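Visitor: Quick one: the structure is below, questions incoming.
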Amino acid sequence: VGRDITERKQIEDELNEKTNFLDKIIETSALSTWISDEKGTAIRANPACLEFFGATKEEVIGQYNLFKDVVIEKNGFIPDIRKVFEKGKTANIVIDYDFGAVDHVNVKNAVHKRINSIFTPIKTASGKVSNVIVQTIDLTNIKRMEEELIQSRKMESIGQLAGGIAHDFNNILYPIIGFTQLSMDDLPADHPVQDNLQDVLDGAKRARDLVKRILLFSRQQDQIFKPTSLKPIIEDTLKLLRSSIPSNINI
């Protein structure tokens, strides 16, 4: 008895090709990906997942629930994870959940990270959940850069505010300096008021120098490299430090 199995073999080959294609996508993905059964126990994990959790396949596959035994947080984190996992199993849509700050996501070493996990339930034709694909993203560096950007914007706002105040302060100082100098010119050199006017002039000039330093701090422009004498820079820096360091500390 002979049968033509060409069509069956073609279907098998196409199925194998699609399976190999999906395997390559999972294995080569830079995103931490693991597949669990309906109970949450890992049955497959790609290299990115093993690297993320600091584990080998033998330590992962069938040994434990990755969420239960690896992801640990001090304040009731495990029940929250199970709740999200159960929701991921029953929901008809993908569950995207940011777990925030996690104290431990590494089998061998405690690591503080910000993680985001995406739960994708795989259902049978009858609608029963057979597996859940869990993809985990490390948001630690992204969150750190966001915080640095926010801080940078705060500093930029402070610089703009300082620049505006400095300009207004300059407008007040220039008449004081100008009229003090005119008064000193009008009075005889040996007039007793000259010393008082000189003190006023010196104080106004110190205030003008301080405003100049504030403007330099707040100025938004590209740096220009050129030969510079260090002495005046050090002197200006010491003056600026003096105002921010307690008086019981000597420089």
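The values are calculated or read from the model by the stated rules, or taken from the named source; none is laboratory data. Values in this document were obtained by computation on a predicted structure and should not be read as measured data. For neighbour counting, all protein chains shown are included, and Cβ atoms are generated from backbone atoms with ideal geometry for every residue, glycine included. The area values use the complete protein model at the heavy-atom level, side chains included, leaving out ligands, DNA and RNA. Shrake-Rupley method; radii C 1.70, N 1.55, O 1.52, S 1.80 Å.
Visitor: Exactly one condition in (1) aliphatic (A, V, I, L, M); (2) open to solvent by 60 Å² or more (accessible area, probe 1.4 Å); (3) part of a strand (DSSP E or B); (4) at pLDDT below 75 is not met by I122; state its number.
Guide: I122 satisfies every listed condition except (4).
Visitor: Quick check on the range 207-217. Is at least one of its residues closer than 25 Å to S152 by Cβ and not hydrophobic (A, V, I, L, M, F, W, C)? Let's see the steps before the verdict.
Guide: First pass over the range 207-217, keeping only residues closer than 25 Å to S152 by Cβ: 210-217.
From what's left, not hydrophobic (A, V, I, L, M, F, W, C): 212-213.
Checked against the condition, which is being closer than 25 Å to S152 by Cβ and not hydrophobic (A, V, I, L, M, F, W, C), the range 207-217 yields at least one hit.
Visitor: If you don't mind, another one. Of the residues I224, I176, which single one is out of contact with any Ser or Thr (no Cβ under 6 Å at 6 or more places or on another chain) and closer than 25 Å to S243 by Cβ?
Guide: Values: I224 fails: closer than 25 Å to S243 by Cβ.
Exactly one of I224, I176 is out of contact with any Ser or Thr (no Cβ under 6 Å at 6 or more places or on another chain) and closer than 25 Å to S243 by Cβ, namely I176.
Visitor: Based on this model, can you work out whether K154 counts as open to solvent by 40 Å² or more (accessible area, probe 1.4 Å), touching a strand residue (DSSP E or B) at 6+ places or on another chain (Cβ under 6 Å), assigned to a helix (DSSP H, G or I) and not β-branched (V, I, T)?
Guide: When the stated conditions are applied, K154 does not pass them.
Visitor: Something else about it: What is the residue count in the range 1-60 for residues that are of a type in the set (G, A, S) and open to solvent by 40 Å² or more (accessible area, probe 1.4 Å)? Explain how you work it out, then say what you get.
Guide: Step one: list which residues in the range 1-60 are of a type in the set (G, A, S), which gives 2, 29-30, 32, 36, 40, 42, 45, 48, 54-55.
With open to solvent by 40 Å² or more (accessible area, probe 1.4 Å) added as a condition, the list becomes 2, 30.
Number satisfying all stated conditions: 2.
Visitor: Go through the range 1-109 and tell me which strands (runs of 3 or more DSSP E), entirely inside it, have 3 or more residues that are at pLDDT below 80 and under 25 Å from R144 (Cβ atoms). Reasoning before the result, please.
Guide: Numbers: elements: 32-36, 42-45, 95-102.
In the range 1-109, the matching strands (runs of 3 or more DSSP E) lie at 95-102.
So that you can scan it fast, the table gives a plain yes or no per residue for (1) open to solvent by 70 Å² or more (accessible area, probe 1.4 Å); (2) within 30 Å of R114 (Cα to Cα); (3) not polar (S, T, N, Q):
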residue	(1), (2), (3)
E146	yes, yes, yes
Q160	yes, no, no
F169	yes, no, yes
P175	no, no, yes
K239	yes, no, yes
